Amino acid sequence: MNKEKILANKWFLYLTEFFAGMSVMAVELGASRLLAPYFSSSQIVWTIIIGTIMIAMALGNIYGGKSADKNPSPARLYKRILIAGIWIAVIPVLGKYIILAVSALLIFTVNSNFLIIAAFAACMVIFVFPLFLLGTVTPSLAKYSVESLEDSGRTVGTLNAFNTIGSIIGTFVPTFVTIPSVGTSITLLVFAGILIILSMVYFINSKTSKKKMKAITSSTIFILCCILGYSDSFAFWEPGLAYEGESIYNYLQVKESDNNVILSTNVLFGVQSVYMKEDGLTGMYYDYAMAAPLMTDKKTNDTEVLILGMGTGTYATQCKKYFGSMVIEGVEIDEKITELSRQYFHLPDDVHVTTYDGRAFLNAVDKKYDVIMVDAYQDITIPFQMSSVEFFTLVKEHLSENGVMVVNMNMHSSEKGNINQYLSDTIASVFNEVYTIDVAGSTNRELFASDNTSMLNIFEEKRTDIRDSDLFRMMEQVSQNLQIYNKGNYIMTDDKAPVELLGMKVIDGLIQDEVSYYKHIYKQYGIKGILKSFL
């Protein structure tokens, strides 16, 4: 085979391998960020992404090897790379619409495991084809670059090394540089542009016909995608958001109304934090959690509070508002959320926030607290390391004598062996006194735990001294509805904590409850009935 001039030097082939490996990892990380606002960023979703990509790459390897043997023309490979680049460039334009369309279609036909099936289907539709094409790169390049059996090992090894180095860079750059600074959409466009430029360099320097047409067509499509797909807006139907963006860990959305400011980390459901502009309680689980400082034997304004999962500081703000000068410290893994808390949510300046994982923070400090609030659970992205016997034992070690832990559990279910039963049994295996209360009008449940057998007596005595009428009524409601929790045998440990599978079961049930009305309409009147119900 007579090599074209541009391929005579193997460095161009090595660079092709490098950029292909880099782009695969960048697309994988982009996939996680594109899916996360709709399906969460749980281990389940990551498993779907990795599994789908591995399937695509394996099929691409097989096809690439056969294609290279059958027709060893580099033009075919670089055409595939060009198509992959264009496809990836289109993802920021159409990806979110495809996700919603797939979800809307499946929600009326799937009765269980909706999140798994919807995320898998969306991932297959959006990402399999371009990654299949990129999977053809390595076997094709091996065919073009190996000149004899004597140097085949060295050449293939070098190709794999360039692919691996590219993958490493493609892992770190999107995570720590491009996604936090310019967002998922532009990140995908950047790496799509690299693939397109790489292909165009080949075609411009080759003897292939129609290279001018390829250049014009590819450039036009890419420019259109840059114009139409640069936006970071995942909730494109939400006008007038105060803020929408991404951090290293989360999609973030701030919505402001006349009465409050809300932070969400999911475009479709969930309130992660809220700030009330006017005086008054939030009407959410934070109000119930206000009982925790009243269950300690310390004077309320002398109480030291630690919040694991600070968010934008709703609980801290409420405690400061109603209990005065108590010392409050927070731990929040997402520094961007802490920045938003100062900008939009008026977190008091004297509330110190440490950017760290909650459990790692407890391992690093010796200080004890009167109240520790655990509020680190979001939909099915419950960190397993903050749900085990070992974690709650660590919390207990950081409580002062007669201290109280309060945990916000955001999904309750009547099914035996549900996520809240696992969490409650696990906590009850560590603490002697455990009480729970369901939050009215929501799926949240608050749990209070202590080794102080007098915690309820203290609460009853201290709540009578409350002067604010709204808080008094709230604490009266807590008093009337608190239930003692009887320990069971559903225990989670660091070795075994299936929190995401348990959470997914609850989310499935909630989704089915929400759409049952529309399913009934769909069965009777079809899609026209659904559309009519929204008009």
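Determine which residues of the range 303-322 fall in the zone a paramagnetic label at residue 393 would reach in this model, i.e. backbone nitrogen under 15 Å from the point 7 Å along Cα→Cβ.
What the label zone holds, given the 15 Å backbone N cut-off, is no residue at all.
Given labels modelled 7 Å from the Cα in the Cβ direction, how far is it in nm from residue 113 to residue 172?
3.8
Exposure proxy check: 315, 14 ranked by fewest other beta carbons within 10 Å?
14, 315
Between residue 156 and residue 487, what is the FRET efficiency for a Förster distance of 60 Å, r being their Cβ-Cβ separation, to the nearest 0.05?
0.55
For the residue pair residue 106 and residue 257, what label-to-label distance in nm results when each label sits 7 Å from Cα along the Cα-to-beta-carbon direction?
Here the modelled spin labels are 3.1 nm apart.
Calculate, in nm to one decimal, what residue 54 and residue 335 gain on full extension: separation in residues at 0.36 nm each, minus their alpha carbon distance.
Gain on stretching residue 54 to residue 335: 97.9 nm.
Determine, for each peptide in 462-469, 165-172, the mean count of other beta carbons within 10 angstrom over its residues, then list the peptides with the highest first.
Going by the mean number of other Cβ atoms within 10 Å, highest first, we get 165-172, 462-469.
Work out which helices of the chain, taken as complete DSSP H runs, extend at least 30 Å along their axis over the Cα atoms and score a mean Kyte-Doolittle of 0.5 or more, then list them.
Helices meeting the span and hydropathy rule in the chain are 10-39, 43-70, 74-107, 152-173, 184-205.
Label points 7 Å out from Cα along the Cβ direction at residue 476 and residue 69: separation in nm?
Result: 8.2 nm between the two label points.
Using the Cα gyration tensor of the range 281-499, with a ≥ b ≥ c the square roots of its eigenvalues, what is the shape: rounded (a/c below 1.5), prolate (a/b larger than b/c) or oblate (neither)?
rounded
Could you sort 46-53, 153-160 so that the peptide with the highest average Cβ count within 10 Å comes first and the rest follow in order?
Values: 46-53: 18.9, 153-160: 15.0.
For the peptides 46-53, 153-160, the packing ranking is 46-53, 153-160.
Could you tell me, in Å, what Rg and Dmax come out for the Cα atoms of the range 405-467?
Answer for the range 405-467, Rg first and Dmax second: 13.2, 41 Å.
So, R0 is 35 Å and r is the distance between the beta-carbons of residue 243 and residue 465; what FRET efficiency does that work out to, to 0.05?
0.30
All of the numbers you see were taken from the coordinates with simple rules; none came from a lab. All of these numbers come straight from a predicted model, not from anything done at the bench. With ideal geometry, Cβ positions are generated from the backbone for all residues, glycine too; neighbour counts draw on all protein chains shown.
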